[in-house]
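Heads up, the thing below is written out as structure tokens.
The values are calculated or read from the model by the stated rules, or taken from the named source; none is laboratory data. Just so it is clear, the model here is predicted, and its values are computed rather than measured. Quick reminder, even Gly has a Cβ in these numbers, built from the backbone with ideal geometry, and neighbours come from all protein chains shown.
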Ligand SMILES: *Cc1c(COP(=O)(O)O)cnc(C)c1O
């Protein structure tokens, strides 16, 4: 059994994907070919943002968005402590300081109360200027924007949605990658909408930001002359071949994959809800199930469960084994564990089970049988 079966998906979409790749090779239009703008248009339309600018990966997408706002030394950028490293690392690359925020243990997303506590602390200390909040749509569920956006307004901060895992999720019908001032996503193969390599995108409603992002992803070039460089940019584009792979995959994603992962999550929850803590999707929220993550009693029972699954040929993952405040790269910040009690609790007890749209009910039954065994 596979944790995320990309092979099964390829078998189901093989004809369309192969034809789409072949058409790029036939055209030799490998960089910013027509499939790239076609994909950008479709994704923008789907999430109901005016613009989508694709780029090299989800990390660059975050960095490009922060560059638009001129984020740098002396700036505080608030993000979750329980996420993939890039949510914070991109602020550090630009010389800004990530301020890590504890999570809500039921959704694994940023806790709005902890966010406000950290904003107040930074303001009281007076060393950094609060600038941006990067809420993360962890495991496929949008962050709590109902509460985070008003906090951003109260303190005059920008919101940058890290939708790398959230694409396809929604709150009362409003889709992930449409929240806040800008949003980003990733097309890393294992994400809800993945390509066959690296890829990412930024979403905005602002025409000027769209134009600057297109410049910044290509060395800060002018819109008309590639060799007229107007600011310092990156080299970060989505390959035409990756866009060509994403077009048929996006079609399947919208037509059935998103429904399928929700059906599969339902099977899991029905079977497991009495034996462990199953994922909580908030009222009115919809998840794209980047991960199906259960909470066991403690680290010992979690580790034993993972070993037992492995013995039975079932892969599982620990997302994430440590909070960002516990990462070696951030040791210098000396952040006290007391600020991150829910993150620490999660790191000890989480276990992500196989999850992808091509998982059969028999597979889910086999996995649950092991989890439910005494
Ligand atoms: C994967 C991921 C990223 C980075 O995306 P890449 O395409 O791997 O660079 C950023 N944030 C989160 C939450 C992610 O899961």
What is the one condition in (1) away from the ligand (no atom under 12 Å from the Cβ); (2) in contact with a strand residue (DSSP E or B) (Cβ under 7 Å, 6 or more places away or on another chain); (3) assigned to a helix (DSSP H, G or I) that residue 62 does not satisfy?
(1)
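Being touching a residue at least 60 places away in the same chain (Cβ under 8 Å) and either more than 10 Å from the ligand (Cβ to nearest atom) or farther than 30 Å from residue 35 by Cβ (or both) is the requirement here; does residue 51 meet it?
yes
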Just one of 289, 267 is within 16 Å of the ligand (Cβ to nearest atom), modelled with pLDDT of 95 or more and not assigned by TED's automatic domain parsing to the domain that holds residue 105; which is it?
289
Hey, does region 112-127 have a residue that's touching a helix residue (DSSP H, G or I) at 6+ places or on another chain (Cβ under 8 Å) and in a loop (DSSP other than H, G, I, E, B)?
no
Mind listing whichever residues of region 87-107 are in contact (Cβ under 8 Å) with a residue 24 or more places away in the chain and either part of a strand (DSSP E or B) or in contact with a strand residue (DSSP E or B) (Cβ under 7 Å, 6 or more places away or on another chain) (or both)?
87, 88, 91, 92, 96, 97, 98, 99, 100, 103
All but one of (1) over 18 Å from the mean Cα position of the chain (by Cα); (2) in contact (Cβ under 8 Å) with a residue 24 or more places away in the chain hold for residue 291; which doesn't?
(1)
Meets criteria (outside the structural domain of residue 108 (by TED's automatic domain parsing), assigned to a loop (DSSP other than H, G, I, E, B) and either over 28 Å from residue 14 (Cβ atoms) or out of contact with any strand residue (DSSP E or B) (no Cβ under 6 Å at 6 or more places or on another chain) (or both)) for residue 261:
no
Residue 107: within 16 Å of the ligand (Cβ to nearest atom), outside the structural domain of residue 291 (by TED's automatic domain parsing) and surrounded by fewer than 22 Cβ atoms within 10 Å (Cβ to Cβ), yes or no?
yes
Considering only residues that are over 20 Å from residue 340 (Cβ atoms) and not in a loop (DSSP other than H, G, I, E, B), which ones fall in region 133-142?
140
